[in-house]
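Dumping the structure here so I can ask a few things about it.
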Amino acid sequence: MRNVTRRLMLLDTASLYFRAYFGVPDSVKAPDGTPVNAVRGLLEFIDRLVKDHRPDDLVACMDADWRPKWRVDLIPSYKAHRVAEEHETGPDEEEVPDTLSPQVPVIEDVLDALGIARVGVAGYEADDVIGTYTAHATGPVDIVTGDRDLYQLVDDARSIRVLYPLKGVGTLQLTDEAFLREKYGVDGPGYADLALLRGDPSDGLPGVPGIGEKTAAKLLAEFGDLAGIMAAVGDPGSRLTPAQRRRLDEARPYVGIAPEVVRVAADVPLPGVPTALPRAPRDPSGLEGLAARWGLGGSLQRLLATLET
């Protein structure tokens, strides 16, 4: 039997519809006046991605849990500020209506009617679903995300790269090992160690005080990986400065637990859903009803035409 290599594309769906929401005017509305800018923008994104990269398999990966308890149990500050932001409105601020959340079920319904695989797993983030599909892949993988955390999955030997949107998805930064080494001085796995050491305020990761991105990159270049750096802390002959040795030694409790939080999972129990890119809608009549109700117009028609070719 001929061995056919299939190209897999994994979408960090929330990252993309979030960008669509802010990139497409909220004047794009359904017939009843409901904003559908995120819905139509995401359909345009998928259309462009399929046209430009022609994946054989496509999975829209979802956040079943954007702040999993097992990560919070390890590092309580993990994404804690985002919870506060969701519930806080200043005394002089007018609460802005949430017009994105109501669009998410519409996105899910449209993807399901199209027959595009949509996968979220309880207790895990979309990053973990992406990490697990990537770990199991036997062919090249394109990960489409606006989240740099997924740079840790880049692996030239396995043809795994990240397509990072710079402007819509028409301009994508192709992130491979050459890019990572030029920009950060690390490879894919090294990026996870770099992120752990420098910290990430957007995710509530404290990092090691006094160890910024440049210092972290230099330490990784010198000692190879996080384990090598921590081994050097206990080696009086290693070329760590007294301040670096002290800071890293004091950070041992954090360094001991942070890898499990920072590194995406590779063992998520994935459902056995078909991932082949559909050539025709799974539910044509349902899709027609969604298109009429939400005014999906040309955005949906262009995607359908692309899928047929």
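What follows draws every value from the coordinates through simple rules; no lab data is involved. Just so you know, these numbers come straight off a predicted model, no measurement behind them. Virtual Cβ from ideal backbone geometry, glycine too; neighbours counted across all protein chains shown.
Cα-based Rg of segment 188-262 per 2.2 N^0.38 Å, rounded to two decimals?
Taking N as the residue count of segment 188-262, the ratio is 0.99.
Per residue and in Å³, how big is the convex hull formed by the alpha-carbon atoms of the chain?
Given the Cα convex hull of the chain, per-residue volume reads 159 Å³.
Work out from phi, with θ = phi - 60° and the Karplus expression 6.51 cos²θ - 1.76 cosθ + 1.60, the ³J(HN,Hα) of each residue of segment 282-294, listed in order in whole Hz, and give x for Gly and Pro.
Whole-Hz 3J(HN,Hα) from phi for segment 282-294: 5, 10, x, 5, x, 5, 4, x, 5, 4, 6, 5, 9.
So for the chain: antiparallel DSSP bridges make up what percent, rounded to the nearest 5?
In the chain, approximately 35 percent of DSSP beta bridges are antiparallel ones.
Along the Cα→Cβ direction, 7 angstrom out, place labels at Asp283 and Asp26. What is the inter-label distance in nm?
The two pseudo-label positions are separated by 2.9 nm.
What's the angle, to the nearest 10 degrees (0 to 90), between helix 297-308's Cα axis and the longest principal axis of the chain?
The angle comes out at about 80 degrees.
Nearest 10 degrees is fine. How inclined is helix 103-114 to the longest principal axis of the chain, computing both from alpha carbons?
70
Sorting Leu111, Leu300 on the 10 Å Cβ count, fewest up front, what's the list?
Numbers: Leu111 21, Leu300 24.
Ranked by crowding around the Cβ, least crowded first: Leu111, Leu300.
Residues with beta-carbon under 9 Å from that of Asp142, excluding Asp142: net charge, scoring Lys, Arg +1 and Asp, Glu -1?
So the environment of Asp142 carries a net charge of +2.
Just how large is the dipole of the chain about the Cα centre, in debye to the nearest 20, putting +1 at every Lys and Arg Cβ and -1 at every Asp and Glu Cβ?
980
Among Arg263, Arg293, Arg245, which one moves the most in a GNM of the chain with springs linking Cα atoms closer than 10 Å?
Arg293
Determine the dipole magnitude for segment 130-203: charges of +1 sit on the beta-carbon of Lys and Arg, -1 on that of Asp and Glu, nothing else is charged, the reference point is the Cα centre, and the result goes in debye to the nearest 20.
It works out to roughly 180 debye.
Let me ask another. If you fit an axis through the alpha-carbon atoms of helix 252-262 and take the longest principal axis of the Cα set of the chain, what angle between them do you get, 0 to 90°, nearest 10?
Long axis of 252-262 versus the principal axis of the chain: about 20 degrees.
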